[in-house]
Amino acid sequence: MWDRVEREYGFQPRIERFCAFEGPAAGATWRLDRALADELERIVRPALQAVTRPGERLAWLDWNHTCYDFDPHRVGGPGEPDWPGEAYPNGDYHLFLDHDLRFGTFGHPWEETLTVFGADLLAAVGGGLTALLGEPLRRTG
């Protein structure tokens with residue numbers, strides 16, 4: 001998946017300056033606040049479930065660490081495993097992506113931003129993230 005993200009989105013990981021990430025046309029980027037990380041997850045996770053069908057799998061990518069493939073409808077509930085990761089980047093790039101790369105999130109640890117892309121996911125989180133974090137820094141599409 002990392003190879004596809006690099007190839008299809010122009011992702012160029014760097015630690016000495018902010019990386020390039022050119023997601024699909026519909027996207028928005030918010031400045032993050034560590035104190036609001038839990039609230040961020042309470043917005044992003046249900047939105048990821050809302051834009052996927054039961055049985056549809058997502059990838060969670062954590063730069064240079066173990067990554068996961070999972071069904072967002074079978075995690076986080078009673079008797080289910082925890083979500084495999086967070087949207088909030090805790091020191092490395094964090095991405096939630098569908099396998100067709102139509103929608104997802106991109107957490108940038110050094111810029112301290114979260115980009116959400118894909119029209120359906122953006123519609124599902126946009127109001128909540130703006131209420132939590134303020135107006136987006138950037139919009140595309």
Residue 69 to residue 37: extension gain in nm, 0.36 nm per residue of separation minus the Cα-Cα distance?
-> 9.3 nm
What's the FRET efficiency of residue 80 with residue 12 using the Cβ-Cβ distance as r and R₀ = 41 Å, to the nearest 0.05?
-> 0.70
What spacing in nm lies between the two simple spin-label points modelled at residue 138 and residue 56, each 7 Å away from Cα in the Cβ direction?
-> 2.6 nm
Rounded to the nearest 20 debye, dipole of the chain from Cβ charges on Lys, Arg, Asp, Glu = 300 debye
Any residue on another chain or 5+ positions along whose placed amide H is under 5 Å from the amide H of residue 32 is listed here as 113, 114
Where does each of 71, 120 land when they are ordered by accessible area, with a 1.4 Å probe and the largest first?
-> 120, 71
Solvent-accessible area, 1.4 Å probe, carbon plus sulfur percent, for the chain | 47 percent
Residue 76 long-range amide H proximity, modeled H, under 5 Å | 82, 83
How large is ³J(HN,Hα) for each residue in the range 134-139, as worked out from phi by the Karplus curve 6.51 cos²θ - 1.76 cosθ + 1.60 (θ = phi - 60°), to whole Hz, x for Gly and Pro?
-> x, 4, x, 6, 9, 9
Cα-projected label distance for residue 100 with residue 1, points at 7 Å along beta-carbon direction, nm = 1.7 nm
Averaged per residue, what accessible area in Å² does the chain show with a 1.4 Å probe, protein chains only?
-> 51 Å²
Longest span of the chain, sites excluded, free of chymotrypsin sites (Phe, Trp or Tyr not before Pro) in DSSP loop with at most 16 other C-beta atoms within 10 Å?
-> 19-109
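The values are calculated or read from the model by the stated rules, or taken from the named source; none is laboratory data. These numbers were taken from a predicted model, which means no experiment stands behind them. Methodologically, a virtual Cβ is constructed for each residue, glycine included, from the backbone with ideal geometry; neighbour enumeration extends over all protein chains shown. With ligands, DNA and RNA removed, areas are computed over all heavy atoms of the protein, side chains included. Shrake-Rupley method; radii C 1.70, N 1.55, O 1.52, S 1.80 Å.
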